[in-house]
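Structure first, commentary second.
The values are calculated or read from the model by the stated rules, or taken from the named source; none is laboratory data. It should be emphasised that the depicted structure is a prediction, and the values quoted were computed from it without experimental measurement. Note that each Cβ is placed from the backbone with ideal geometry, even for glycine, and that neighbours are counted across all protein chains shown. For accessibility, only protein heavy atoms count, side chains too; no ligands or nucleic acids. Shrake-Rupley method; radii C 1.70, N 1.55, O 1.52, S 1.80 Å.
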Amino acid sequence: MENNKPESQIENLSEVLQVRRDKLRDLQEMGRDPFKISKYDVTHHSDEVIANYDQLEGQKVSLAGRIMSKRIMGKASFMHLQDQNGRIQAYVKRDDIGTDEYKLFKSYDLGDIVGIEGFVFKTKTEEVSVHVEKLVLLSKSLQVLPEKYHGLKDVDLRYRQRYVDLIVNPEVKDAFLTRTKALKALRSYLDDRGFLEVETPILNTIAGGANARPFITHHNTLDIPMYLRIANELYLKRLIVGGFDKVYEMGRMFRNEGMDMKHNPEYTAIELYQAYADYKDMMEITENVISHMAEVATGSMKIDYQGTEIDFTPPWKRMTMEECVKEYSGVDFSEINTDEEALAIAREKGIEITPGMRRGEVINAFFEEFGEDQLIQPTFITHHPVEVSPLAKRNVEDPRKTDRFEAFANRWELANAFSELNDPIDQRGRFEDQVRKRELGDDEACEMDEDFLNALEVGLPPTGGLGIGIDRVIMLLTNSTTIRDVLLFPTMKPLRDGSSEADGETEKKEVKIDLSKVKVEPLFEEDVDFETFSKSDLRVVKVLKCEEVPKSNKLLKFTLNDGSGQDRVILSGIKMHYSAEELVGKTLVAITNLPPRKMMGLESCGMLISAVCDYDGEELLNLLMVDDKIPAGAKLY
């Protein structure tokens, strides 16, 4: 466990840890090594004893758990035992367990795991307790647990040491119990409707089924590159070709992309496919299954998320993408028919233009810029452009669109579905278009998949397909503000063994620069008068939160304390140089009186200061970090 404490406190802590090891050694020398115990019979859990006191009063019970508090009072003591389901008080008396055992018990530490046998009673204060008649040490804790009210509050440490987090903050378990209830409800809903749960490969030879950047590995025996799956879509469709009419798979997907409050490199998703169904059938399944998950897991189809009521009760609102864009941007794409017209209006509205961009991609960019943030209540956005839907069937009435939808709630995409493209000739053309995008530099575009095309040529019946992002749904159901709160072990940047983050910073500072390879820009020749310069308000700011901006390869979004009492948001294009998580808690310098400007649809209020030069032909950027002792809002002169 990591300790950011003064040296004297660290020395004292080391002494405490040594004492615990000495106690273990003494037990082992006595022949009482707790680690040689393989089994302990548990008859009840804490919540069962408390809830069923009337039936269990005076009855013998056996429980096991961790010592969380202990009060020694001479010949008798109290302790609180924490097991999977809660805490219960235990009364330990020397005359009942024996003098030698009582002496050992007094030496036990908080965090030690013990088994107790005894009878159920109530104390004078009416607290349900166990009067211990037999006690055994089952595991010796060699670390010191943080105190409940002064302990594991460091968010980063909570995620790194989730096992300690669950012990010290048992309420954290509630989110994961809710998750389990929701996933059971999801599976039972599909199982009851004839869907078959299957398993498909995680290691793929082609990164297909979605537009995303994959993780790449190497198969030593076959001597080929392989990819962790970014989606399981293409395998599940092969099963529909093979004769399974209803299939689903829930499991981990892997995308080598940004990390923020909604994204983790590995995440849980479910995809399901139904033969002889279309995207409208998938809509019905989506609204019914998510509302069912909410009702089973929380008791209601209406949830409170960060103060906003979200009502999952079907039916959900439906809008086409073009209707949404028209409503929230004022641009009617039904009157814009060419790529040139679309690009012109995109430039006029400040939409970022990418190489090879066409009308359909402009419509999608408008939706992401103006529409997504308006979708608080559950809403289906339908009929996406064909350019951004390489696996969806074209709409019969307007072939520029597809029979596809995305489901949104709280501004987040929760699900994606369509009537599956089963025309192998059209599908080949879509794949070729994706290959063209890859050649233009889009490393998230799909690859050509000849075997999947062969499966389509064998014959895929009309099919509806649906994918749901499980983690985001669980975030809503558990009122969690970050995806890390609904993943037991979220992806974290590793620390070196035996080091703290501060050690890592020191190592970075000691990297030597070859000054002969450094090139700096010439100094400005034009003078700036002092009055103009003094108008720049440079302030010290503290990073409260830092996250990657979705769909951007450059931008990080900083939430900053600038000393004003209101959070300030600044976007900075330094993602290639820093990870978001390593900047949280840092003290930086910003210009705070620049006019707000929009970047990727987000308003940026100021600019962070960095030092930039050319080093051996590449840009070397260092974000200006100052002493943490300088308070937020301090002005630079």
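Numbers at a glance
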quantity: Farthest toward positive dipole pole in the chain [+1 Lys/Arg, -1 Asp/Glu at C-beta], among 27, 615, 407; calculated: 27
quantity: From phi via Karplus (6.51, -1.76, 1.60), per-residue ³J(HN,Hα) for segment 371-380 in Hz, x at Gly/Pro; calculated: x, 3, 5, 8, 9, 7, 7, x, 9, 9
quantity: Positive-end residue, segment 314-432 charge dipole about Cα centroid, Cβ charges, pick of 395, 374, 345; calculated: 395
quantity: Long-range HN-HN contacts of residue 134 with modeled amide H, under 5 Å; calculated: 117
quantity: Cβ-based charge dipole, the chain, positive-most Cα from 46, 606, 161; calculated: 46
quantity: Per DSSP, loop GluC sites (Glu not before Pro) in segment 310-399 with at most 11 further Cβ within 10 Å; calculated: 397
quantity: Among beta bridges that DSSP assigns inside the chain, antiparallel share in %, nearest 5; calculated: 90 percent
quantity: The chain, accessible area per residue, ligands and nucleic acids excluded (1.4 Å, Å²); calculated: 52 Å²
quantity: Electrostatic dipole magnitude of the chain [Cβ: Lys, Arg +1; Asp, Glu -1; Cα centre; debye, to 20]; calculated: 2480 debye
quantity: Anchor residue 23: aspartates and glutamates whose Cα lies under 18 Å away (excluding residues fewer than 8 positions away in-chain); calculated: 15, 33, 100, 101, 109, 112
quantity: Percentage relative contact order, the chain, counting C-alpha pairs under 8 Å, at least six apart; calculated: 9 percent
quantity: Rg [Å, one decimal], Dmax [Å, integer] - segment 41-93, C-alpha atoms; calculated: 11.4, 32
quantity: For segment 533-544, 3J(HN,Hα) per residue [Karplus equation, 6.51 cos²θ - 1.76 cosθ + 1.60, θ = phi - 60°, Hz, x = Gly/Pro]; calculated: 4, 5, 6, 6, 9, 8, 10, 7, 10, 10, 7, 7
quantity: Value of [θ]222 nm, deg cm²/dmol, for the chain, DSSP H segments ≥ 4, -39500 (n - 2.57) each, nearest 500; calculated: -8500 deg cm²/dmol
quantity: Loop-resident sites, segment 7-107, for trypsin sites (Lys or Arg not before Pro), counting at most 16 other Cβ within 10 Å (DSSP); calculated: 32, 39, 75
quantity: Where chymotrypsin sites (Phe, Trp or Tyr not before Pro) fall in DSSP loop in segment 518-611, at most 14 other Cβ within 10 Å; calculated: 524
quantity: Karplus (6.51, -1.76, 1.60) ³J(HN,Hα), θ = phi - 60°, over segment 323-333, in Hz, Gly and Pro reported as x; calculated: 5, 5, 4, 5, 5, 9, 10, x, 9, 9, 6
quantity: Debye, to nearest 20: dipole size of segment 73-210, +1 on Lys, Arg Cβ, -1 on Asp, Glu Cβ; calculated: 220 debye
quantity: Amide H within-cut-off set for residue 604, under 5 Å, with H built and near neighbours excluded; calculated: 597, 598, 599
quantity: Within the accessible area of the chain (1.4 Å probe), percent carbon and sulfur; calculated: 50 percent
quantity: For residue 195, distant residues with modelled amide H under 5 Å away; calculated: none
